[in-house]
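First up is the structure itself, then whatever we jot down about it.
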Amino acid sequence: TNANSGGSTFTVPGGLSGSAVEPISVGANSKISGNEDVIDKLPSRLATSSQIMNLDGVINSTSDVNVSATDSGSSTPGLEIGGPINAAGSAVSLASSGPITQQAAAGITAQSLTGSSVNGASLTATNNQIGQLGSFSNTGSGDFVLTNAGALDVTGAVSSAGNLTLGTSGAGNGIALN
């Protein structure tokens with residue numbers, strides 16, 4: 001199922017399920033929203049062509065989640081994570097040709113996280129539960145900041161045009177650089 005919306009709120013219809021569901025593509029300034037029962041049935045691949053992509057609902061997935069807010073033109077879209085991404089035991093990949101931001105309660109739960117951003121990535125929800133940080137690059141300007149509620153194993157190259165800050169919380173939860 002492909003659904004397209006440009007420039008406004010994109011309300012996900014009910015009934016999306018299974019791994020055969022195609023990516024949902026959204027247009028400029030779109031916002032993905034809905035209640036948990038709708039959002040958790042979204043396909044694990046979402047793409048937008050320009051401006052900011054807002055993920056406001058809960059995404060629950062038993063497979064990899066790939067979110068892309070990229071544009072090859074002159075636009076610099078961004079990605080705002082406003083709801084939790086739950087992909088325990090799976091990989092989450094975030095790609096944006098603009099900045100990536102995360103609201104406080106929008107934790108990411110995943111075995112691994114990879115991605116790319118331009119002009120910053122601020123993944124500072126205190127309830128992030130990411131096992132491994134793979135390759136992640138931030139170009140342009142801005143900082144790359146990741147806060148994790150558990151131990152973090154850095155397994156890929158991580159780079160930032162600005163400062164690079166990794167933090168963990170909880171007793172004994174350190175950062176391993178591999």
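Restricting attention to segment 94-130, the residues that are open to solvent by 30 Å² or more (accessible area, probe 1.4 Å) and either in contact (Cβ under 8 Å) with a residue 24 or more places away in the chain or over 13 Å from the mean Cα position of the chain (by Cα) (or both) add up to 11. Do we have any residue at all in segment 118-133 that's part of a strand (DSSP E or B) and at pLDDT below 95? Yes, because at least one residue in segment 118-133 is part of a strand (DSSP E or B) and at pLDDT below 95. The single condition among (1) among the β-branched types (Val, Ile, Thr); (2) more than 18 Å from THR70 (Cβ to Cβ); (3) in contact with a Phe, Trp or Tyr (Cβ under 9 Å, 6 or more places away or on another chain) that THR114 does not satisfy is (2). Going by the structure shown, is ALA176 farther than 26 Å from ASN60 by Cβ, open to solvent by 20 Å² or more (accessible area, probe 1.4 Å) and either among the small types (Gly, Ala, Ser) or not in a strand (DSSP E or B) (or both)? Considered against the rule, which asks whether it is farther than 26 Å from ASN60 by Cβ, open to solvent by 20 Å² or more (accessible area, probe 1.4 Å) and either among the small types (Gly, Ala, Ser) or not in a strand (DSSP E or B) (or both), ALA176 comes out as yes.
The values are calculated or read from the model by the stated rules, or taken from the named source; none is laboratory data. Values in this document were obtained by computation on a predicted structure and should not be read as measured data. All Cβ positions, glycine included, derive from the backbone under ideal geometry; neighbour counts span all protein chains shown. The accessibility values were calculated without ligands, DNA or RNA, using every heavy atom of the protein model including side chains. Shrake-Rupley method; radii C 1.70, N 1.55, O 1.52, S 1.80 Å.
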